[in-house]
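The values are calculated or read from the model by the stated rules, or taken from the named source; none is laboratory data. Bear in mind the structure is a predicted one, so any value in this text is a computation, not a measurement. Note: ideal-geometry Cβ built from the backbone for every residue, glycine included; neighbour counts use all protein chains shown. Heads up: the accessible areas ignore ligands, DNA and RNA and are worked out on the full protein's heavy atoms, side chains in. Shrake-Rupley method; radii C 1.70, N 1.55, O 1.52, S 1.80 Å.
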Amino acid sequence: MKIEFYLRFYTHPGESILVCGDIPSLGNNEPSAALSMEYVNGEFWHVNVDTSFDKAFHYHYILKNTDGTLTEEWGDDRMVDLPDAGVEEVQLIDTWNFAGEYENVFYTSLFQDVLLPKHKVRKKTRVKGGVTHIFKVKAPLLKADEVLCLLGNGTVLQEWREDDPLTLAPEGPWWTLHLHIPPEAFPLEYKYAVYHKKDKKLLRFESGPNRMLPGDARPKKVSILHDGFAHLPNTDWKAAGVAVPVFSLRSRSSLGVGEFADLKLLTDWAVKCGLKLIQLLPVNDTIATHTWVDSYPYAAISAFALHPLYLNLEKCAGKKYASLIKPLKKKQKELNEGPDVDYQQVMKIKLLTVKELYELQKEELKTDTDFQDFFEKNKVWLVPYAAFSYLRDKQGTPDFTQWKQHSRYDAEAIRKLSAPGSRNYDAIAVHYFTQYHLHLQLKDAVKYAHDNGVAIKGDIPIGIYRYSCDAWMEPQLYHMDMHAGAPPDNFAVKGQNWGFPTYNWQEMQKDGYEWWKRRFGQMSHYFDGFRIDHILGFFRIWSIPMDVVEGILGYFEPAIPVYRVEFQERNIWFDHDRYTRPFINDGVLGEIFGPDADTVRNQFLVPQGNGFYTLQDRVDSQRKIEALFAMEEDTPYNQKLRQGLYDLVANVILIEVKNSGQQQYHFRISMENTASFRYLEWHTQQQLKELYVNYFYWRQDAFWQKEAMQKLPALKRATNMLVFGEDLGMVPRCVPDVMRQLGILSLEVQRMPKDPTQEFFNPARSPYLAVVTPSTHDMSTIRGWWEEDRAKTQDFFNQQLGQWGEAPIICEPWINKAIVLQHLHSPAQWSIFQLQDWMGMSESFRRENPHDERINIPANPHHYWRYRMHLTLEELIKEKEFNAGIKEEIENSGR
């Protein structure tokens, strides 16, 4: 059979087009084996293929860029069915599907499975004379009673008659029409339009010029037109959501902490308020130390396992074993009356009770087909995770490098350790049991949300815990000798050190990022969309050496370094030791330590003459200082000394690239704020500033864009969830363009403008593919922020809210509401608010102290994540007037 491919796509000189599909003649979906097309003119590329196929096949197009890299169009929904008997030629006339088209967002599972109406599939009817042309086009935002129709010139297209148009029928993602067009009908001009089935009325034509079909209709030939998207309004769909960690929920049936089952009540409240999305923080298991330190939800010991914290014990026990739960009622009442989560107490009760429930039910599991099915589908990660959890508890540490046995993962050894009948089996299998019930409870809650028209958005942390099951199993995928973090910002002036190892992207690329694809696949079992925590990490990550405590001494990796020769080329005075070693003189000591400077000189420094000093070996790194002071009493005086010594270590201008032989360097972030910089003469300062700006803001952009485009397209293809990017912080200029090209939604936070010339971001100026919000879990709430900086609050009150006079001292309900309304009326697709910010609009429901509502403080690496809403969800659902008020404002905003 002859197949003709025509692609309507404009290319630049040096670019070319390939067609790739799941049949041998199209490369079996291997881009390297794809078929090259020929340039026809400024509008079309073309290729003929003589092939045979015994089943339907899919295909897509690839752009080969001038640098040899490949850009694949979005989607895999073009399919060629087995043609009718007698057909000898198929002509395909296609339109390139740019990943950044707004409409592609509406074909993700979040919209297709939850939020958009379903259109009934119409039975195919026979076409008199046989089908010669099949028109296919997409229009994701049609309402329930709307269909697409086609109008055009000539009798075959009804002579543009609006009272009796040709209607299309849904087939998968496409609206489709099968026609017999005789040869004399060509050429044709046509348009798609929206038609109301019940009212039998044409509502609107698509915009733009008429579409043209100059083709022919030879015998035994079928032409299939994939016309892309109908040119209809694509930015009208908007919605609002609520963001809250599961652990922060409070209900009468939960035990001291929010549980997966509570998501049903949260869904009920969301429906009453007209909210379409619930956004959660990560819900993976973080049990490492069995202390409150494990409350940090971004330090998962498994990227696949769910956290036992969220297990509802009553549902796990069922009616049959309910008697085991009854004695916990008193403790449940006590924990539920507490203002916050008592993580340690809750975990102690849940883990002990789960073990008892497992002992009672373990024989039943052997014949439970649902459990066995869950185990078979998940054993690739489940068995190692369960073994890891067992070994962690047996050895008393998650640090597998200290384990006496199994410190190196060996699949065969773990298989034997975990084998049924082994003496350790029950201690390991209890984790299978726990994960199974967590899976059931989360799936049940998500189904309930879907049934009520509410989508669930998850969160994928950028890092993994250093002593996690993932690092134990595949250490080669990570740089275990580095820490990941973030450079300084207004919320963490010393930067952030998350303690996670950084990714070895080169190693991950070898198997096509299989670990990430498995991770996304696991997420898709439960979530409709997900937030990529710190998406900037896919461009470059802030890497911190192991001997450093504070993020301020990190640097971007990968990055194009500053070469020593560049200093010579720019006539900049260069002294390796002066720039890379802590600059310490009497003046610096006085600035940092004041009256304690002599104590520091005597105890920690080595005099070098002329009032200059170096650090003693025992304190020449931040880790050594940390270890030294860990043995001392944690008094305010010792805290001041420790921080001062940290600052001395960080008082450098350059960080040498490891093993570069003093030839390559990174600039220390915030160089201008160091005493080392201030003690340089003015001319050298100006020269260094110019090179610093070049290093951070100019030379890296193309390089970082290439890094991101090697990873993100492949990872985005691995899932049909809607992808949200958390693109906050020090954002490279290339980031918005990459996210636009890939159709990844950005995050726009009012008090974190991406334009450095602006004090605040105006939600009215948001792009459409974005989430706007006044606060995130890493910030204070609207009310808390209002009381933090009086000058900023006053400026915001006058300039952003347009109010005269002096700003109120506290954030009164009407102010909180005004800020919420700013975001609801934004052009962004999503307005998502922390639950606390919704409740802040009411004098009755807001918490008394706004600072008790904060979830995380990024500047504190040892923060206890324990915020819990002060009302129960049952109480919130009953507040008819408050909920109706939210719904009215959402509807008035067009969401």
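Here are the numbers for the structure shown:
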{"read-out": "Selection from A471, F400, L871 lying farthest towards where the dipole of the chain points positive, charges on Cβ", "value": "L871"}
{"read-out": "Accessible solvent surface per residue of region 683-785, calculated while the other protein chains remain in place, 1.4 angstrom probe, Å²", "value": "36"}
{"read-out": "For region 302-332 versus region 45-104, the gap between their alpha-carbon centres in whole angstrom", "value": "51"}
{"read-out": "Cα gyration tensor shape for region 528-574, rounded if a/c is under 1.5, else prolate or oblate", "value": "oblate"}
{"read-out": "Computed over region 67-197, the ratio Rg/Rh where both radii use C-alpha atoms and Rh is Kirkwood", "value": "0.98"}
{"read-out": "Rounded if a/c under 1.5, otherwise prolate or oblate - region 503-561, Cα gyration tensor axes", "value": "prolate"}
{"read-out": "Extension reserve of the H450-M480 stretch, reckoned as 0.36 nm per residue once the Cα distance is removed", "value": "6.8 nm"}
{"read-out": "Pair R161, K55: separation of 7 Å Cα→Cβ label points (nm)", "value": "4.4"}
{"read-out": "Total charge dipole magnitude, the chain, about the Cα centre, Cβ charges on Lys, Arg, Asp, Glu only, Debye to nearest 20", "value": "2100"}
{"read-out": "Sites Y864 and H525, calculated FRET efficiency, Cβ-Cβ separation with R0 30 Å, nearest 0.05", "value": "0.50"}
{"read-out": "Per-residue HN-Hα couplings for region 716-722 [Karplus 6.51, -1.76, 1.60; θ = phi - 60°; Hz; x = Gly/Pro]", "value": "5, 5, 6, 8, 10, 6, 6"}
{"read-out": "Charge-dipole axis of the chain as Lys and Arg at +1 and Asp and Glu at -1 on Cβ define it, positive-most pick from H46, F247, Y503", "value": "F247"}
{"read-out": "Diffusion coefficient, µm² s⁻¹, Stokes-Einstein with Kirkwood Rh over alpha-carbon pairs of region 263-368 at 20 °C and 1.002 mPa s", "value": "134"}
{"read-out": "Sparsely packed trypsin sites (Lys or Arg not before Pro) within region 289-335, loop by DSSP, other Cβ within 10 Å at most 15", "value": "K319, K320"}
{"read-out": "All Cα pairs of region 350-486, percent lying beyond 24 Å", "value": "42"}
{"read-out": "Debye equation applied to the C-alpha atoms of region 451-533, log10 I(q)/I(0) at 0.14 Å⁻¹", "value": "-0.61"}
{"read-out": "Sparse-neighbourhood loop sites, trypsin sites (Lys or Arg not before Pro) in region 422-519 - DSSP loop, at most 13 other Cβ within 10 angstrom", "value": "R423, K510"}
{"read-out": "Region 761-822: chymotrypsin sites (Phe, Trp or Tyr not before Pro) falling in loop per DSSP and having at most 14 other Cβ within 10 Å", "value": "W804"}
{"read-out": "Accessible solvent surface per residue of region 803-882, calculated while the other protein chains remain in place, 1.4 angstrom probe, Å²", "value": "45"}
{"read-out": "Rounded, prolate or oblate (a/c below 1.5 giving rounded, otherwise prolate when a/b exceeds b/c) for region 1-87 by Cα gyration tensor", "value": "prolate"}
{"read-out": "Amide H contacts of S16 (H built 1.01 Å from N, under 5 Å, at least 5 apart or other chain)", "value": "K64"}
{"read-out": "Label-point gap, in nm, between D145 and R218 - each point 7 angstrom along Cα→Cβ", "value": "4.7"}
{"read-out": "Additional length obtainable on full extension of the chain from Q506 to R678, 0.36 nm per residue less Cα span", "value": "58.0 nm"}
{"read-out": "Distance from region 411-449 to region 774-790 (C-alpha centre basis), Å", "value": "41"}
{"read-out": "Solvent-accessible heavy-atom area per residue, rounded to whole Å², over region 14-96 at 1.4 Å", "value": "49"}
{"read-out": "Two-decimal Rg/Rh across region 347-430, once Rg and the Kirkwood Rh are taken from alpha-carbon atoms", "value": "0.97"}
{"read-out": "Portion, in percent, of the accessible area of the chain that falls on carbon or sulfur, probe 1.4 Å", "value": "51"}
{"read-out": "Inter-site label distance for S25 and V731 at 7 Å from Cα along Cβ, in nm", "value": "4.7"}
{"read-out": "Computed E for K201/K689 - FRET, C-beta separation, R0 56 angstrom, nearest 0.05", "value": "0.30"}
{"read-out": "Fully extended contour minus Cα-Cα distance, from R623 to E881, at 0.36 nm per residue", "value": "87.3 nm"}
